[in-house]
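The structure under discussion appears below in the form of structure tokens.
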Amino acid sequence: MSSGDLVEWYATISGVIAALMLASDQGRKVTGLGFVLFCTMNVAWIVHAQSQPEGTGLTWQNGILFAVNLLGVYQYLLSSKNRRKMEVVDKAVEQFEEKEARAENAA
């Protein structure tokens with residue numbers, strides 16, 4: 001297997017895993033790490049596209065998606081304002097889930 005094949009497979013597999021991380025709704029940290037993984041996927045696709053004769057579209061697409069995914073990294077992992085908001089939301093969700101569990105146990 002060539003290094004080009006490895007890069008292509010890394011891009012493919014990391015993209016699938018990152019999408020699963022975002023879709024699984026496991027919280028801000030997992031979602032933020034999913035965006036980090038998407039960024040590495042974008043870089044891998046750019047590297048792969050550069051080795052292809054007609055890779056310009058793939059390069060541009062992943063360059064733009066890289067910028068979008070960096071915004072996701074910022075929003076989910078780096079923004080202190082958003083982290084504070086989500087701490088409040090997470091606490092409220094936790095309280096709601098505890099209340100629901102008590103109600104189910106009482107029934």
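The values are calculated or read from the model by the stated rules, or taken from the named source; none is laboratory data. Here the structure is a predicted model, which is why all the values come from computation and not from measurement. Cβ atoms come from the backbone with ideal geometry, glycine included; neighbour counts cover every protein chain shown.
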| task | Answer yes if at least one residue in the stretch 78-90 is more than 10 Å from the chain's Cα centre (by Cα), assigned to a helix (DSSP H, G or I), at pLDDT 90 or above and surrounded by 11 or more Cβ atoms within 10 Å (Cβ to Cβ), and no otherwise. | result | yes
| field | Candidate set: the stretch 39-51, residues that are part of a helix (DSSP H, G or I) and surrounded by fewer than 19 Cβ atoms within 10 Å (Cβ to Cβ); chosen: the one farthest from the chain's Cα centre (by Cα) | value | Gln50
| query | Taking the stated definitions as given, is Gln61 modelled with pLDDT of 95 or more and farther than 23 Å from Gln26 by Cα? | reply | yes
| remark: Restricted to the stretch 22-35 and to residues being at pLDDT below 95 and outside any helix (DSSP H, G or I), the residue nearest to Val93 (Cα to Cα) is Gly27
| task | Look at Val93 and say whether it is assigned to a helix (DSSP H, G or I) and either at pLDDT below 95 or over 13 Å from the mean Cα position of the chain (by Cα) (or both). | result | yes
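Table: residues versus (1) free of Cβ contacts under 8 Å to residues at least 40 places away in the same chain; (2) assigned to a helix (DSSP H, G or I); (3) farther than 30 Å from Val89 by Cβ.
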site: Ala18; (1), (2), (3): yes, yes, no
site: Leu37; (1), (2), (3): yes, yes, no
site: Pro53; (1), (2), (3): yes, no, yes
site: Leu58; (1), (2), (3): yes, yes, yes
site: Gly63; (1), (2), (3): yes, yes, yes
site: Gly72; (1), (2), (3): no, yes, no
| message | Being within 10 Å of the chain's Cα centre (by Cα) and small (Gly, Ala, Ser) is the filter here; which residues of the stretch 15-29 pass it? | response | Gly15, Ala18, Ala19, Ala23
